[in-house]
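The values are calculated or read from the model by the stated rules, or taken from the named source; none is laboratory data. Predicted, not measured: the structure shown is a model, and the values here were computed from it. Here the Cβ is made from the backbone with ideal geometry for all residues, glycine too, and neighbour counts use every protein chain on show.
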Amino acid sequence: MGYGEMLRSKRIEREMTLRDLSSRTDIDVAYISRVERETINPPQDEELLEAINGALNLPGQQSQEMKDQAAVDNRRFPADVARNMAKTAGFPLFLRTVSNKNLTPEKLKELSDFINERY
Amino acid sequence: MKDIKIPFLPRIEEEPARKIAEAFLKRNGYLQEGANFMRLPINVEILAHRVGHPVEVFDDLQSKFDCKGTAYNNKERKRLEIYIDSDHYMNQANSAPFTIAEELAHIMIHSSIFTQIETPEDRAQLETNTRESTRRVIEKQAKCVASELLLPSILFHQYLTAWMQKNLKSILDDRPNDEDDLATFMARKIAAEIGLSEMIVKRAILRKLDTNILGDLTARFGIKYIKDVPRNASISG
């Protein structure tokens, strides 16, 4: 599921119309509609992503998932990851290793759980 | 230029429209026993999404195609969607829900016509190349169903009963001349409360159903119209 579909599903769950979301975020309604139907990429601007998450009142983990999905759809690293990459020399090697393994999302989750437990 | 084919249109007026809308709403989890009549109007935008016909907002639909909204066959996604003009949607908040309800009604009762609408030009074609009398029937049928989707009679009756009870004094003070006058007065007040246009609410109040809602309520609350009251008599019930 891409960012647009996730956004729409969370908005409808909250019985929020496009107008409600546009008014609460001050983002153009036609733009939100295009993002939701995935004819354009999600916003890259972290402030916009935060504004949307805030308007939807998303709990921490869901908010992070939305931002991560926006980054994936934009073929970018999430802003916090990108910041850490710049600071940590071994990061590209680690990511390349993981990337070359072509792991499924389940295996990736397993790996991150392992790292969380171990480190 | 595409030729939009219009099939035989069965007769759908107020009462059949009520039944169609009511069955549709019940089938989709609305109007359950104990449904809160104070939560009117039904949020048709959310309803449309839930039944698989998402509402999408577009710029310039009205300025380029003279179209506030249209049901549209998105072949790629294999579903009928509802497209609405962004200006109309954002700036006419009290009538845009009716536009959405009307397009949802078209999908419900005129799907064979609207599966042929694949571009905004097709919709313009439907407007310009269909015989005026046929077009009027199509629009009227959709309006009847739309009104029932937004303000279902079964809940609206309860809403009006509670509203009249609460506002009886102001109704009597207004001294309505006739049924239409009373409906105008009530529509003005209620429209402001529930965020719809006066015209939409008045239409719902005056719906010609098996049960005459307004007649029933005026009798219950003993409201008399000026035209029915003899000179020098008190109008209050």
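Here are the numbers for this structure:
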| quantity | calculated |
| --- | --- |
| Which listed residue, of B:Ile117, B:Ile107, is of a type in the set (Val, Ile, Thr), at pLDDT 95 or above and in contact with a strand residue (DSSP E or B) (Cβ under 8 Å, 6 or more places away or on another chain) | B:Ile107 |
| Subset of the stretch A:15-43 [more than 8 Å from every other protein chain (Cβ to nearest Cβ) and either in contact (Cβ under 8 Å) with a residue 60 or more places away in the chain or of a type in the set (Gly, Ala, Ser) (or both)] | A:Ser23 |
| Entirely in the stretch B:90-201, the helices (runs of 4 or more DSSP H) that have 3 or more residues that are within 25 Å of B:Glu56 (Cβ to Cβ) | B:96-109, B:111-114, B:120-129, B:132-150 |
| Of the criteria (1) more than 10 Å from chain A (Cβ to nearest Cβ); (2) under 16 Å from the mean Cα position of the chain (by Cα), which one B:Asn43 fails | (1) |
| Residue check for B:Phe114: in contact (Cβ under 8 Å) with a residue 60 or more places away in the chain, over 22 Å from A:Arg34 (Cβ atoms) and aromatic (Phe, Trp, Tyr) | no |
| Tally of residues being charged (D, E, K, R), out of contact with any Gly (no Cβ under 7 Å at 6 or more places or on another chain), modelled with pLDDT of 85 or more and in a helix (DSSP H, G or I) across the stretch A:66-108 | 5 |
| Some residue of the stretch B:1-10 being out of contact with any strand residue (DSSP E or B) (no Cβ under 8 Å at 6 or more places or on another chain) and not in a loop (DSSP other than H, G, I, E, B) | no |
| Within the stretch A:22-45, tally of residues that are assigned to a helix (DSSP H, G or I) and in contact with an Asp or Glu (Cβ under 9 Å, 6 or more places away or on another chain) | 5 |
| One residue from A:Ile52, A:Ile12 being surrounded by 13 or more Cβ atoms within 10 Å (Cβ to Cβ) and within 14 Å of chain B (Cβ to nearest Cβ) | A:Ile12 |
| Boolean, B:Asn28 is away from chain A (no Cβ under 11 Å) and not hydrophobic (A, V, I, L, M, F, W, C) | yes |
| Matching option when the condition is within 19 Å of B:Phe58 (Cβ to Cβ) and not small (Gly, Ala, Ser), among A:Arg24, A:Arg8 | A:Arg8 |
| Condition check for A:Ser63: in the same structural domain as A:Glu13 (by TED's automatic domain parsing), free of Cβ contacts under 8 Å to residues at least 24 places away in the same chain and either in a loop (DSSP other than H, G, I, E, B) or not acidic (Asp, Glu) (or both) | yes |
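So that you can scan it fast, the table gives a plain yes or no per residue for (1) on the phi < 0 side of the Ramachandran plot; (2) surrounded by 12 or more Cβ atoms within 10 Å (Cβ to Cβ); (3) among the basic types (Lys, Arg):
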site: B:Lys5; (1), (2), (3): yes, no, yes
site: B:Ala21; (1), (2), (3): yes, yes, no
site: B:Tyr30; (1), (2), (3): yes, yes, no
site: B:Phe37; (1), (2), (3): yes, yes, no
site: B:Ile42; (1), (2), (3): yes, yes, no
site: B:Leu61; (1), (2), (3): yes, yes, no
site: B:Asp66; (1), (2), (3): no, yes, no
site: B:Asn73; (1), (2), (3): yes, yes, no
site: B:Arg79; (1), (2), (3): yes, yes, yes
